[in-house]
Amino acid sequence: MPRAGSNIAARFAPRFGAPLLGLALAGLVAGCAETAPPNAPEATTDANLLHVGDTVSITVFGQDQLTGEQVIDDSGEVSVLLAGRTKVAGLTPMQAEGALRDRLGRGGIVVNPSVSVVVTHHLPVYVVGEVAKPGSYDWSGDLRAINAVALAGGYTYRAKKEDLRVIRHGDPQHQQYTADQSTGIEPGDTVIVPERWF
């Protein structure tokens, strides 16, 4: 005796037609599959490097009008009077000093400029979702997603630990990327811990 439900296709094919049944089954399978976001781009987690959003104190010795604090903009640049816009994100402070010194020294704008670049503030990282204490936390070098979760008090019992997401700071689309516990986190990034549904 055949089992109940073992011949579903045979029962429904005459009534709905094989093409319609195939389409319905394909839709059911597609509905069960969820497309994962792309993997997170590599992060610059080196605390010795300057990052977009960092606040830096730039001193040009003997040139008070060229001295002050600036935030590194979304293009990774600072703007210093007479030097113009200079790319500094991804450089060490010492390399940034050299880049600014070169720009100021060109054409004798400033003779033998002496420049200092010091980071005064990093953007925090944000941890939201299924963590004990969602919020913003100080960034430190080589911060990984698991460290960010720990700063936020760890996972709740509802956390979907294997499905972390990250939004990179400065991404105009606010794209959520797939992350794992070892994904590097940059200043200003947001770590999202989703809720599991079963």
Among the residues of the stretch 59-75, the number that are in a strand (DSSP E or B) and under 18 Å from Gly170 (Cα atoms) is 2
If you check Ala179 against the conditions, is it modelled with pLDDT of 95 or more, under 26 Å from Val119 (Cβ atoms) and of a type in the set (Gly, Ala, Ser)?
no
Options Ile72, Ile167, Ile146; residue that is surrounded by 15 or more Cβ atoms within 10 Å (Cβ to Cβ), without any contact (Cβ under 8 Å) to a residue 40 or more places away in the chain, within 20 Å of Ile185 (Cα to Cα) and out of contact with any strand residue (DSSP E or B) (no Cβ under 8 Å at 6 or more places or on another chain)
Ile146
Considering each residue of the stretch 169-198, count those that are over 20 Å from Thr55 (Cβ atoms), among the polar types (S, T, N, Q) and either in a strand (DSSP E or B) or touching a His at 6+ places or on another chain (Cβ under 7 Å) (or both), and give that number.
2
Long-range neighbours under 7 Å by Cβ, at least six apart or interchain, first residue under 30 Å from Ser116 (Cβ atoms) and modelled with pLDDT under 80 within the stretch 26-53, second loosely packed, with under 14 Cβ neighbours inside 10 Å and charged (D, E, K, R):
Thr45/Asp142
Looking only at strands (runs of 3 or more DSSP E) that lie completely in the stretch 76-143, which have at least 2 residues being surrounded by 15 or more Cβ atoms within 10 Å (Cβ to Cβ)?
77-80, 115-121, 125-129, 135-137
Suppose we filter Val166, Val149 for residues that are in a strand (DSSP E or B) and at pLDDT 90 or above; which single one remains?
Val166
Can you pull out every residue in the stretch 38-58 that is crowded, with 18+ Cβ neighbours inside 10 Å and part of a strand (DSSP E or B)?
Val56, Ile58
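The values are calculated or read from the model by the stated rules, or taken from the named source; none is laboratory data. Owing to the predicted nature of the structure, the values given are computational and were not obtained by experimental measurement. As a convention, Cβ positions derive from the backbone with ideal geometry for all residues, glycine included, and neighbour counts pool all protein chains shown.
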